[in-house]
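Trainee: First the structure, which I've put down as structure tokens, then a few questions once you've had a look.
The values are calculated or read from the model by the stated rules, or taken from the named source; none is laboratory data. Predicted model, so just to flag it, every value in this text is computed and none were measured. When we count neighbours, we look across all protein chains shown, and the Cβ atoms used for this are built from the backbone with ideal geometry, even at glycine.
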Amino acid sequence: MESSARREDGPLLTPRQIFERLDRYVIGQEEAKRAVAIAAHNHLKRVQARRLRRTSLIKKSNILLIGPTGSGKTHIARNLAEILSVPFTTVDATEYTEAGYYGKDVEVMVSDLLFKANHSIEDTQRGIIFIDEVDKIARRSQGARNGAGSRDIGGEGVQQALLKLLEGREVFVPMNVTQAWNKSDFVQVDTKDILFICAGTFSDLHEYGEGGGRPVGFGAEELARKVQRRISVKQLVDFGMMAEFLGRLPVMVQLQALGENDLLRVLSEPPDSILREFRELLSYDEIELDFAEEGLREVVRFSVEKGLGARGLRSILEFVMADVMFEAPERRRRHLRVDADFVRARLRGLDAAQLHA
């Protein structure tokens with residue numbers, strides 16, 4: 001990976017350039033990719049202004065991604081980090097607790113990023129932290145919303161603790177992620193230029209939208225997409241997210257569930273697609289893989305029926321191709337065609353839960 005320090009010496013990537021690079025690896029989600037590209041470009045401007053010690057009014061462009069499982073939230077964030085050539089780490093919001101309680105303090109996520117940056121504080125301070133499952137830290141206590149009453153140490157408490165990181169503060173983080181309790185090995189990291197991308201399914205909001213009911217009848221699917229786009233800050237606050245927390249995530253991006261055609265493209269089009277990977281694996285055994293389009297559609301339909309999205313495609317293909325991969329070194333036929341009948345025979349009776357077992 002090209003160092004982020006060298007990248008900063010050149011011209012800034014434009015939103016169009018960021019979008020086009022994202023577009024190579026991320027199928028669909030055009031609006032989301034455009035919004036993320038703009039936020040990333042503004043983030044680069046902010047970093048450059050601070051590096052040149054200019055007085056700037058540019059605020060942090062932290063991002064909140066809302067979308068169903070398998071819609072590409074993590075994929076977008078990971079590829080954005082590659083495009084910007086900055087360290088990247090993924091953390092799960094449910095692992096953290098309010099400071100002083102058993103569990104991880106939020107500073108540990110910066111420690112994770114420091115580790116990914118080979119302990120370079122300069123690179124860490126330009127990195128990206130992807131916080132998944134933020135909908136799981138929604139306020140759970142039914143007491144007062146001003147902080148009084150019962151403590152919600154894994155929900156509202158975590159949101160409170162994250163405020164300083166999202167806004168940008170100098171914090172002390174442990175050098176060793178596995179020994180966060182060791183208070184002697186700490187370094188100071190400024191989070192002002194760390195880009196935070198938070199993500200969650202917010203499944204209730206995604207299912208019902210602002211209208212409160214599920215659209216039915218002719219054109220219901222298209223209407224449902226329009227309803228999903230109207231998720232508001234008020235709905236998120238009612239869901240249990242703090243207004244202060246949402247205020248530090250100014251770019252709110254909603255992703256739609258991928259349809260069959262998009263999932264079909266996910267399987268075969270990106271340079272790092274699953275199908276290309278299987279072809280390369282079998283090429284080491286001198287076997288040419290021909291995967292019929294109808295066979296791929298059977299894989300896609302199964303993923304859509306089970307609500308697995310793009311994330312489930314690999315698990316399904318691994319299951320379908322298990323016997324082939326086991327026998328590949330011993331096969332005499334150098335050409336293998338996988339058709340719809342082949343896929344259906346292996347998926348028959350398979351339950352989605354088995355793919356996650």
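Trainee: Are any residues in region 269-282 closer than 28 Å to residue 21 by Cα and modelled with pLDDT of 90 or more, and if so, which ones?
Mentor: 269, 270, 271, 273, 274, 275, 276, 277, 278, 279, 280, 281, listed by residue number.
Trainee: Of all residues in region 46-76, which are at pLDDT below 90 and basic (Lys, Arg)?
Mentor: 46, 50, 51, 53, 54, 59, 60 - these are the residues of region 46-76 that are at pLDDT below 90 and basic (Lys, Arg).
Trainee: Checking the structure you have, find out if any residue of region 69-85 is among the hydroxyl-bearing types (Ser, Thr, Tyr) and touching a Leu at 6+ places or on another chain (Cβ under 6 Å).
Mentor: Yes, region 69-85 has at least one match.
Trainee: For region 340-353, indicate whether the set of residues that are touching a Pro at 6+ places or on another chain (Cβ under 6 Å) and closer than 30 Å to residue 64 by Cα is non-empty.
Mentor: Within region 340-353, none of the residues are touching a Pro at 6+ places or on another chain (Cβ under 6 Å) and closer than 30 Å to residue 64 by Cα.
Trainee: What do you reckon, is residue 186 modelled with pLDDT of 80 or more and in contact with a strand residue (DSSP E or B) (Cβ under 7 Å, 6 or more places away or on another chain)?
Mentor: Against the criterion (modelled with pLDDT of 80 or more and in contact with a strand residue (DSSP E or B) (Cβ under 7 Å, 6 or more places away or on another chain)), residue 186 qualifies.
Trainee: Any residue in region 90-115 that's at negative phi and small (Gly, Ala, Ser): show its pairings with residues that are surrounded by fewer than 20 Cβ atoms within 10 Å (Cβ to Cβ) and at pLDDT below 85 at Cβ separation under 7 Å, as long as the two are six or more apart or on different chains.
Mentor: The qualifying pairs are 111/177; 111/180.
Trainee: Follow-up. Any idea which of 82, 20, 8 is farther than 26 Å from residue 304 by Cα and modelled with pLDDT under 90?
Mentor: Checking each option against the conditions leaves just 8.
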